[in-house]
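Below is one structure, written out as structure tokens; the observations come after it.
What follows draws every value from the coordinates through simple rules; no lab data is involved. The shown structure was predicted, so the numbers you read here are calculated from the model rather than taken from an experiment. All Cβ positions, even for glycine, are placed from backbone atoms using ideal geometry, and neighbour counts span all protein chains on display.
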Amino acid sequence: MAERVKSRRRYDSPRRREQAAATRRQILAAAQELFERDGYAATSMAAIASTAGVSLKTVYLAFETKSGLLRALWHLLLRGDEASVPVGEQPWFREVLEQPDPARQLRLNMRNSRMVKARAGALMEVIRSAASGEPEIDALWARIQAEFHANQRAIVQSLEAKGALRAGLDVAAATDVLWALNHPSMYWLLAGDRGWAPERYEEWLGDLLCSQLLG
């Protein structure tokens, strides 16, 4: 009898995990819709549960807090999946660092930038706007900024190692230029406020960065 119960539990386990993952995706999709439409402060966990079609208890069991849900959604949109692999180790970022041609490196970085910002740009504005009102969100925003700067610095260091930086630019200055011009705020101004197509943003910024950074 014990063997039958054990076997049945093994048989059901993958399906339960699949169902839990599907429920998690529903909650994340509902949270994204409401956060981006109504803002962080105006969105309740109860509203997220209702939009996702699940119980409030299910939302809390999956994410514990509203800030935890926002953080999980950010990581999903930033990385493109729910894996815990940081951006610096993602294949699409490693492709940039391993590209031998400096101009191609910058254009690949802009491709990645465009893709990430198209996925996560609106949520990034939600996080930035909410940062002043809640310490946990403020800490998340500070970490986003620091990690973004560090990743841009890694690209600049790769350019510097090739002797590709423009004369008079050191790693610190070039990193600040890349960080500022590639900042999410720039994307939001052009694609959000001015209605630029993401592809136009990618091409324009690629051209600008090649002219500003490369010798």
Would you mind counting up the charge near ARG153? Only other residues with Cβ under 13 Å from its Cβ, with Lys and Arg at +1 and Asp and Glu at -1. -4
For the chain (alpha-carbon point model, no solvent) the Debye-based log₁₀ I(q)/I(0) at q = 0.12, 0.13, 0.17 Å⁻¹ works out to -0.72, -0.81, -1.16
Can you tell which of VAL156, LEU70, ALA130 lies farthest toward the positive end of the dipole of the chain, using +1 and -1 charges on the Cβ of basic and acidic side chains (Lys, Arg; Asp, Glu)? LEU70
For GLN212 and GLU134, what does the FRET efficiency come to when R0 = 41 Å and r is the distance between their Cβ atoms, rounded to the nearest 0.05? 0.70
Evaluate E = 1/(1 + (r/R0)^6) for ARG119 and ALA167, where r is the Cβ-Cβ distance and R0 equals 25 Å; express this FRET efficiency to the nearest 0.05. 0.10
Other-chain or far-sequence residues with amide H under 5 Å of LEU214's (modelled H): ARG166
Sort 15-24, 104-113 by the packing proxy (mean of other Cβ within 10 Å over each peptide's residues), most packed first. 104-113, 15-24
Taking K and R as +1 and D and E as -1, what net charge do the other residues with C-beta under 11 Å from the C-beta of THR43 add up to? -1
With a Förster distance of 35 angstrom and the Cβ-Cβ distance between THR65 and GLU98, calculated FRET efficiency to the nearest 0.05 equals 0.35
Residue separation times 0.36 nm, minus the C-alpha to C-alpha distance between ALA42 and ALA22: what's the value? 4.7 nm
Rounded, prolate or oblate: which one fits segment 138-208, using the alpha carbon gyration tensor with axes a ≥ b ≥ c (rounded when a/c is under 1.5, else prolate when a/b beats b/c, else oblate)? oblate
